[in-house]
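Accompanying notes for the structure given below.
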Amino acid sequence: MKLLSVRGVSKRFGGLQALEDVSFDVPQGAIKALIGPNGAGKTTLFNLISGFLRPDQGSVVFGGTEVLGLAPHQIAARGMARTFQQIRLFPRMTVLENILVGRHLHSRGGFLACMLNLPFTRKEERGIRETGSEILDFLGLSGQADAEAVHLPYGQQRMVELGRALACEPRILLLDEPAAGLNIRETAEMGRLISRIRGRNVTVLLVEHDMSLVMDISDDIVVLSYGQKIAEDKAHAIQKDPEVIRVYLGEGDA
Amino acid sequence: MRGRYLPVAAFAGLIVAIQMATHFTGSGYHLTQLTMSAYYSLLAIGLCLLVGYAGQISLGHAGFFAIGGYITALLTTHDLSSRAGGASRWLAKAGILSFRIDLYGGELLTVHPWVACLVAVLATVGIAYAVGGPVLKLKGHYLAMATLGFGVIIYRIVLGTEFLGAADGISEVPPFAILPGLEVSGKAALRVPNYYLAWGLVIAGMVLLLNLIHSREGRALSSIHGAEDAAEAMGIPTARYKLSAFALSAAFAGLAGVLLTHYNGGIGPSEASVMKSVRYVAIVAIGGMANLWGTLLMSLLLNYLSLRGYFGTYDDAVFGAILILIMLFAPGGLLRRDLLEEVRDVFRGNGEKAS
């Protein structure tokens, strides 16, 4: 069953055709990767899917309904969480608090109820914190719970951002270059973490440059070049695709 | 949970200690300025939520204070007895209008203060929604300029409208009997109960806001401050949250305006002036931005000093200077949450701090 379906999406920025007629599906439970050289339109595609940009043409169907034209928070409420290429942690908040914000969609107390600290909001807050510490355990960051998130080492910041997205309990998780700026050890750690996410019944769509990571963890790969999809196949088949080797893999390996 | 309310108890202790001190030194007249400080503090802590936590600047909050104050002043002083028909008699019976005797022994028929207060606060919130809707789409300097524009408009309206007393403002506003035997008024005999009433309200406001910032709604507001796109990605409708925070802070400002107007027995256009708005933002800034306690303590101190005339003719200049110095040297505010930690670090001799 396909969870996310991108159909004929195009986007132009002035004279630049960022995306042209891109279509692909993400099946339920899969880990799918988007690869392509810099400027291929990967992040633009992410921003279109998650509602931060509007395409000129096309459609994005998520969980059976069209989400194009919805605000990002509305798409998030339908079960899509994302991370950002430039880490966007909440400043002046601890690691735990950052993750607690991810529970927003799974709690309901309003301004007035929270101001009055009603019994139901107290109960809700306990639940939020339980899930929060469970996620910190999952990330192996329990020791840093009370540290200010933006003061952590870069690799751990990436993990907090991932944990914050996981706290949303999304049906699909969009990861924009989760290994960018990480060293080899941290990248391996991130790869293990992403593989374990599948065990939490989360579908993953990721943009990534680190080919070893992509080959390790993804089921399917979509290759973009200059805004067009040039290939889509199983990971091992992509490695042998002559077109892909020419425009992308060849660049570094030639 | 305990930790949240412990400072509240300590602050209540401070308020009692101050009253005791004035009692035993025979300087009870200080309580008048301290009571006025309390009402300004009510505005300041509401503004702290908006500016410090949600990260949305407003240079127009004196406008909301004035809207609350002027509405209650108008409603409770405008005599309706000349138009006494069946409707007003019915309204009087329902307690919405009330008769009272003015200074010269004439009988006045005006809106009851409780009703006026309710109307004033609701109107302030309504105006905040109407203004905030379009204005909060702006960010940073643009938001500052737009709210400043709102403040200027309100100031010119109250200054230029005969109906609102123009430059004189509205006087002879009656006391506001909140409970039987407890009225908001500046009578010397009621100085002590009014002092406790005002600070009691501030403490109640603090409890509400402290609860809010430690809840999911408070975290949602803080998340907007600094990473609005990430907040959206977490499913937080940022536009709605900004508007709610704006309206809530306006409600605090409006209520403060209502109560101080009854306490002073009147209100003038200076309460709506832009320099007042700058003063409130300066207090939040020196209080540490996202720091309700810092804002409250600074508001108590600076408003008291200002009202006692310690700043002389440089009153407004002092607050302008505070704002400039804070922005130059401590844009995160002076009383920051991590200030103690940094001081401790210095004494421990490990100055390096990842940032």
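The values are calculated or read from the model by the stated rules, or taken from the named source; none is laboratory data. On a predicted model such as this, the values are computed, not experimentally measured, just so you know. For neighbour counting, all protein chains shown are included, and Cβ atoms are generated from backbone atoms with ideal geometry for every residue, glycine included. We work out accessible area using only protein heavy atoms, side chains counted, and drop any ligands, DNA or RNA first. Shrake-Rupley method; radii C 1.70, N 1.55, O 1.52, S 1.80 Å.
Of note:
- Spread of Cα-to-Cα distances over 10 Å intervals beginning at zero, given as percent, for the protein assembly as shown: 3, 15, 22, 21, 16, 11, 7, 4, 1, 0, 0
- Rg/Rh (Cα only; Kirkwood hydrodynamic radius) as it applies to chain A: 0.99
- Candidates per trypsin sites (Lys or Arg not before Pro) in the range A:184-235, loop by DSSP, up to 13 other Cβ within 10 Å: A:ARG200
- Computed over the range B:125-267: relative contact order in percent, which uses C-alpha pairs under 8 Å that are six or more apart: 38
- Partner chain coverage, peptide B:238-247 - average Cβ within 10 angstrom: 1
- Inverse mean reciprocal Cα-Cα distance (Kirkwood Rh) of the range B:3-116, Å: 18.0
- Mean sequence separation of contacting Cα pairs (under 8 Å, at least six apart), scaled by the length of chain A, corresponds to a relative contact order of 27 percent.
- Calculated [222 nm] ellipticity per residue, helices only, for chain A: -10000 deg cm²/dmol; basis is -39500 (n - 2.57) per DSSP H run with n ≥ 4, divided by all residues, nearest 500.
- With the highest mean first, a sort of the peptides A:116-129, B:266-279 on other beta-carbon atoms found within 10 angstrom per residue produces B:266-279, A:116-129.
- Inter-label distance, nm, simple model (7 Å from Cα along the C-beta direction), B:ALA321/B:ARG83: 5.0
- Interface residues, the range A:69-87 - accessible area loss of 40 Å² or more versus chain alone, probe 1.4 Å: A:HIS73
- Angle in degrees between helix B:191-213 and the longest Cα principal axis of chain B, rounded to the nearest 10: 50
- For A:ASP137, solvent-accessible area (1.4 Å; no DNA, RNA or ligand), Å²: 100
- Distance in nm between pseudo-label sites at B:LYS187 and B:HIS23 (7 Å out along the Cβ direction from Cα): 2.0
- Efficiency of FRET between A:ASP146 and B:LEU179 - r from beta-carbon atoms, R0 51 angstrom, step 0.05: 0.70
- Counting charges near B:PRO193 (Lys, Arg +1; Asp, Glu -1) among other residues having Cβ under 14 Å from its Cβ returns a value of +1.
- Take every Cα pair under 8 Å whose residues are at least 6 apart in sequence, average their separation, divide by the length of chain B, and the relative contact order is 31 percent.
- Interface size A-B, as summed buried accessible area [1.4 Å probe, Å², nearest 100]: 3000
- Seen against the Cα atoms of chain A and their longest principal axis, helix A:184-198 is set at about 80 degrees.
- Of B:GLY132, B:GLY288, B:GLY226, the residue with the greatest mean-square motion in the GNM of chain B, using alpha carbon springs below 10 Å, is B:GLY226.
- The slack in the chain from A:SER23 to A:ASP137, taken as 0.36 nm per residue of separation less the alpha-carbon distance, amounts to 37.3 nm.
- Å² per residue, accessible surface of the protein assembly as shown at 1.4 Å: 43
- For chain A, built as a Gaussian network whose Cα springs stay under 10 Å, the top-fluctuating residue of A:GLN28, A:GLN17, A:GLN157: A:GLN17
- The radius of gyration of the Cα set in the range A:93-167, together with its Dmax, comes out at 12.9, 39 angstrom.
- FRET efficiency for A:TYR226 and A:GLN57, using Cβ-Cβ distance with R0 set to 25 Å, rounded to 0.05: 0.90
- Helix-only CD estimate at 222 nm, as mean residue ellipticity for chain B, using -39500 (n - 2.57) per DSSP H run (n ≥ 4): -21500 deg cm²/dmol
- Residues considered: A:PRO72, A:PRO178, A:PRO91. Largest GNM mean-square fluctuation over chain A, using C-alpha springs under 10 Å, is found at A:PRO91.
- Gain in span if fully extended, B:ASP102 to B:LEU138, counting 0.36 nm per residue against the direct Cα distance: 8.2 nm
- Take the Cβ atoms of B:ALA130 and B:LEU6, set R0 to 35 Å, and the FRET efficiency comes out at 0.30.
- For the range A:93-167, with all protein chains in place and a probe radius of 1.4 Å, 54% of the accessible heavy-atom surface sits on carbon or sulfur.
- Distance histogram for the range B:74-185 (every C-alpha pair counted, 10 angstrom bins, percent rounded to whole numbers): 12, 31, 31, 18, 7, 1
- When Rg and Dmax are taken over the Cα atoms of the range A:59-118, they come to 14.9, 44 Å.
- Based on the Stokes-Einstein relation at 4 °C and a viscosity of 1.567 mPa s, and on the Kirkwood radius from alpha carbon pairs, chain B is assigned a translational diffusion coefficient of 61 µm²/s.
- Helix B:315-329 axis, angle to chain B major axis (alpha carbon atoms, nearest 10°): 20
- Whole-number D in µm² s⁻¹ for the range B:1-59, Kirkwood Cα-pair radius fed into Stokes-Einstein, 4 °C, 1.567 mPa s: 95
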